[in-house]
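The values are calculated or read from the model by the stated rules, or taken from the named source; none is laboratory data. Just so it is clear, the model here is predicted, and its values are computed rather than measured. Here the Cβ positions follow ideal geometry from the backbone for every residue, glycine too, while neighbour counts run over all protein chains shown. All accessible areas refer to the heavy atoms of the entire protein, side chains included, with ligands and DNA or RNA removed. Shrake-Rupley method; radii C 1.70, N 1.55, O 1.52, S 1.80 Å.
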Amino acid sequence: MSTAGFNSQNGTGTGQTYANGPSQNPVALQQLPGVSYSMTHQPPYNPMQAKAPSPPGPGLYPSGPYQPVPPVSSYQPGPPLSSYPTPPGQPLLTRPPLGGPPSHTPPQSASPSPGPRLPPAQATPPPPVSSSSYYSSPQQPQPMAPAWQYNTAPPPSGPPTSMNTPPRGPVANHVNPAASSTAPPPSSAAYSSAPQAHVSHSATQPLGPRMPPTSVHGYTQPGAAPPPMNPIAPHTYQPNRAPYGPPPTGPPPTMKPTPPPTGPPMANATPPPPKADAQCGGIVNSTLSPTEPDCQEGDIECPGTVAGNGPQAPNSYNHVDNKMAGLPQPGPPGRHLGHYPSLPPGYQNTSTPHNATSPMHPAMQAATQPYTQAPQPYQQPPVGPGPAQLSPSLAAMSLQSSTPEALRVVNLLQDRNLLPPSPIPAPTPCLPQDLQKINCNPEVFRSTLTSIPQTQSLLNKAKMPLGLLLHPFKDLSQLPVVTSSTIVRCRSCRTYINPFVSFLDQRRWKCNLCYRVNDVPEEFMYNPVSRSYGEPHKRPEVQNATIEFIAPSEYMLRPPQPAVYLFVLDVSHNAVETGYLNVFCQSLLDNINSLPGDSRTKVGFITFDSTIHFYNLQEGLSQPQMLIVSDIEDIFLPTPDSLLVNLNECKELVQDLLKSLPTLFEKTMETQSALGSALQAAFKLLSPTGGRMSVFQTQLPNLGVGALQSREDPNQRANAKDIQHLSPATDFYKKLALDCSGQQVAVDLFLLSAQYCDLASLGCISRYSAGSIYYYPSYHHQHNPSQVECFQKDLKRYLTRKIGFEAVMRIRCTKGMSIHTFHGNFFVRSTDLLSLPNVNPDAGFAVQMSIEENLDDMQVVSFQAALLYTSSKGERRIRVHTLCLPVVNSLSDIFAGADVQAISGLLACMAVDRSVTASLSDARDAMTNAAIDSLTSYRQSVLTIQQPGLLAPACLRLFPLFILALLKQKSFRTGTSTRLDDRVFAMCQLKYQPLIYAMLMIHPALYRVDDLTDEGALNINERTIPQPRLLQLSVEKLCREGAFLMDAGTVMYLWIGRNCHPNFLTQVLGVPNYAAVPDNLYMLPELDTAESQRTRAFIGWLRDQRPFFPSLHVIREESQRKASFMQNMIEDRTESALSYYEFLLHLQQQISK
């Protein structure tokens, strides 16, 4: 089957990248002669200057130059990206029965699924952009060199296409009637959006309600909202700030009238014409009275009728969710509640003196304080100007007046001991203290630059990537939950009200993304926390940067789906040999009562070898009934109604099956694996409801559809500079994943194998359906007990963790900025909407951004991520995160706000995509160029006094080290015998893991643990946790008298020196001497000694901080695993990579050219 037609962002082929890689605008991969890497090259900044083009390879990511291929999507990126006319009277859709008549899909999309499809519309692809640097200039498209598109995507071209196609296909809760016409179900090729038409936010676009909450392409299309009136100081974005000076005394001053806006008319002056909301394409009700609730029909999060027309939900506020306990204080002390319009500083709309100075906020502070969503007590700062009297631009907080720590000049060649003794905190944005207090937790929402440049040219000059890293469904100890019949959102851009909006008076608020003035609904005047009326600025929605709404019924098209779990198990001879089936069945038996769900929860089982086995678990049977289908070419469901059963009603039968499964196949000699047919059967079974498919596979599929052949050549592995076969061998798994995504099915893959399984191909089934991938190389129940322990612990977490069904996510950003590339596991629907059939608390995402319009008149910009999902209890919920960052106009301020870990994490995602679309050597060169370019820019444009040496600002002092760590990471290293599946899995991890976990996989942590003490220890739950200092990753730091723990994220090594103190050996390892340390020790004995308790407490504490279970290997100097341990010594030289010092010399040589 030809794959050439899959040239969409989510597609494969030879034209452009799959959208799920970097869902990116077209990037050509051909090196242009004469394109050099210089500071004067203004168009796009390309950190990765690749060398020679690699020949176009088959499969997922193309390596040839970009061929404009019309994206096969019914979404047309035209100027008004968020208005779709929809035929009037469009009926609400419900999920159609399986097997409806397929609509005309492109011929390439021949899909095994019988589900209905949507007709694609032709869209004009954006023009190619120059790629000789990370940044591209939208104004000057140029031919491209093979490097990363860093911060700008090309502007969409072509006239808007009218979306009059009648909707067809399954409709989930988040798709409203017309949405289906704009967002076709992911049926193989019909899904594009590859060159994701990035949504720009231009003030020239027509007004009118726009995209709803979960905008992934940045806040979409604000419309012609006026610029901030009297340029509003950043602090007026926060409604409930206490003044910086002492509280005023005497009668309240009178409210100054709002001056007329300069520029376009007020957004709410004239009701805009009815528009379709891009998030779900329905007709927007623009004739609502000013006080009516603002939930619009055309919104993906509220596809039903207008909120407020139905029965009013109680306006309650549950500040406690999950583990959270205790209500917040009604309001922080120091905020004055009386004298309505004038005292709360957010309401003051007075002109701001231009000579006012702003208090400086440190640019680099520990930002990872305990995350409390409850408002913090507010300490009145010393006397100073109030928020409404501050300078109109945060750029006035020039960081150059007194050089902050972040800009301290460091000579990397002289200062070798740069690693801080404890983990690096996220930098704190340079915002006023009260704004920063309520800003989003950096573990949830983080930017690579905490100070946003005013212009794209300034960003290009800085040579650093601009992007966001998200962990949107993270388990939070405190999460405010609001139940209300009115969810207040901007009428124009659909942004959710948040702490960074400004209240003009008691009845009007101004959106912080598009600046439209909106009315405050009557219901919002009541504060359920303080039980007071007339203080909308004190509502929990305006006090918390992370909040969750329980959505009213208007946000659903059909009843929320039940929790449905289908387990698809490999039972071939190879699978039985590994012994995984015993562990799986026992783990599910142990945790069956902890599966998330309610009385509607359903489960089902499919096993497979060369045939497919179904299990009838219908209530009333005395024992489970196995049904075998041997016709794998034309798979069918033998008894469709009794294969997925209600767990509560049939729990005994399910338990009987789990007890008998391991013995049922213990004598099998069947060696073949028809995985593709099993997946097709599972898809048919789950299509009517949606749900989660958990697939356990132990070998290369070799029978029927989706059969694969081994592509790994061990002889080529050791020395090849460029690695082959990083892209899929077939598009079968991707196309099936798109079909699954369209029916709200996510596929999680557990790969337990000692042989090559072609994870590059199999992984597509999870990647495009928003699933997870678990990989256990060399898994065997007897020979590899540490892997068994990992599998058990991971499986328990997997079965019991929180889950969201039929989810979508969208990211919005302030007008003038746009989002153009996404990283993670998802499918991109309608350019900027991430389709997530399942969302789990362990999934991370990243996006790349560009600046479309100058941000000269803005002091701060905001980003908002909204995740709409169905909880396992059947509630429709919306989790919203809002991040506020300052805008600056100097390069020194940009560098001072650089987040070196976030930059490294985003570069890792980009390098993974570059490895697949071009070549591994291109990706490696590009990462090195990223370090060269940013340090060159710093030296030439920020340093006032030129000095010899390799100079970096303190905030970027670890950047070269992290780049070298990436070059030596399993994903990108060369010259060592790295198995292909191991490499591909490492790449998957970098794209999917939240930043805090990915950084350990990039740069492991090394501690000395034979001399742990209680000095500086943490006390958690009456346990004392020692805090040894971090050591550099060099053999110089090891000594034969000590014991050292290396934490590499997914694995830990405890290295024992040959002359290790006998006290540690006996008190911690329970052995008399060094020679008695076993070769395969993978857990520490529980000894009743202080040393043992300290060591186990420290290792346990490290493990508790992540959702997966890292195995522990105790190694001696002569152990087989010593090589793996030494490969993580990043600062030392290897046979194929430079030492850290040599790498610094190389950087200096390139910078001084």
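Using only Cα positions of region 589-684, each an equal point scatterer, no hydration layer, compute I(q)/I(0) via Debye at q = 0.10, 0.16, 0.23 Å⁻¹ and quote the log10 values to two decimals.
Those come out to -0.28, -0.71, -1.26, one per q.
Can you give me the orientation-averaged projected area of the convex hull built on the Cα atoms of region 718-814, in nm²?
The number I arrive at for region 718-814 is 10.0 nm².
Could you tell me the extents of region 1031-1132's C-alpha atoms along the three principal axes, largest first, rounded to whole Å?
The Cα atoms of region 1031-1132 stretch 35, 33, 23 Å along the principal axes, largest first.
Using a probe radius of 1.4 Å on heavy atoms only, what accessible surface per residue do you get for region 1042-1153? Whole Å² is fine.
Working: 4950 Å² over 112 residues.
For region 1042-1153, the per-residue accessible area is 44 Å².
Based on alpha-carbon centroids, what's the gap between region 1103-1124 and region 493-559 in Å, whole number please?
49
For region 764-850, give the percent of accessible area contributed by carbon and sulfur heavy atoms, probe 1.4 Å, rounded to a whole number.
Values: 700 of 1430 Å².
Ligands and nucleic acids excluded, carbon and sulfur reach 49 percent.
Could you do me a favour and compute the accessible area per residue for region 925-1029, 1.4 Å probe, result in Å²? Each step should come with its number before you reach the end.
Values: 3490 Å² over 105 residues.
In whole numbers, region 925-1029 has 33 Å² accessible per residue.
Rounded to the nearest 10 Å², what accessible area does ILE773 show when all protein chains are kept and the probe is 1.4 Å?
Roll a 1.4 Å probe over it and ILE773 shows about 20 Å².
How much of the pair distance distribution for region 606-654 lies past 18 Å, counting alpha-carbon pairs only, in percent?
On the way: 361 of 1176 pairs.
Counting pairs separated by more than 18 Å, the tail of P(r) holds 31 percent.
State in Å² the accessible area per residue of region 733-865; use a 1.4 Å probe, count heavy atoms of protein chains only, and round to the nearest integer.
Values: 2050 Å² over 133 residues.
For region 733-865, the solvent-accessible area averages 15 Å² per residue.
Counting each pair of different Cα atoms once, what's the Kirkwood radius of region 456-612 in Å, rounded to one decimal?
On the way: mean 1/r = 0.0477 Å⁻¹.
Every distinct Cα pair counted, the radius reaches 21.0 Å.
Run a plain Debye calculation on region 960-1097 (Cα atoms as equal point scatterers, no solvent) and give log10 I(q)/I(0) at q = 0.11, 0.12, 0.15 Å⁻¹, rounded to two decimals, same order as the q list.
-0.50, -0.59, -0.88
Give, as ranges by residue number, the residues of region 968-986 whose backbone N falls under 20 Å from the point 7 Å along Cα→Cβ of ASP713.
Once the point is set 7 Å along Cα→Cβ of ASP713, 973-984 turn out to lie under 20 Å by backbone N, inside region 968-986.
Expressed as a whole percentage, what fraction of the accessible surface of region 1016-1153 belongs to carbon and sulfur atoms when a 1.4 Å probe is rolled over the protein heavy atoms? Don't skip to the answer; put the middle values down first.
Details: 3090 of 6670 Å².
Of all accessible area on region 1016-1153, carbon and sulfur atoms account for 46 percent.
Could you tell me the extents of region 837-895's C-alpha atoms along the three principal axes, largest first, rounded to whole Å?
50, 21, 18
Sort LYS815, LYS1122, LYS461, LYS659 by accessible area with a 1.4 Å probe, largest first.
Values: LYS815 15, LYS1122 65, LYS461 95, LYS659 135 Å².
Result, largest first: LYS659, LYS461, LYS1122, LYS815.
Give the dimensionless ratio obtained when the Cα radius of gyration of region 1073-1130 is divided by 2.2 N^0.38 Å. List each step's numbers first, then the result.
Numbers: Rg = 13.2 Å, N = 58, 2.2 N^0.38 = 10.3 Å.
Region 1073-1130 yields a ratio of 1.28.
Roughly how many percent of the accessible protein surface of region 879-953 is carbon and sulfur, given a 1.4 Å probe and a whole-percent answer?
Working: 650 of 1310 Å².
Here carbon and sulfur together make up 49 percent of the probe-accessible area.
With only alpha-carbon atoms counted, please give the Rg and Dmax of region 893-1036, in Å.
For region 893-1036, the Cα-based Rg and Dmax read 18.1, 53 Å.
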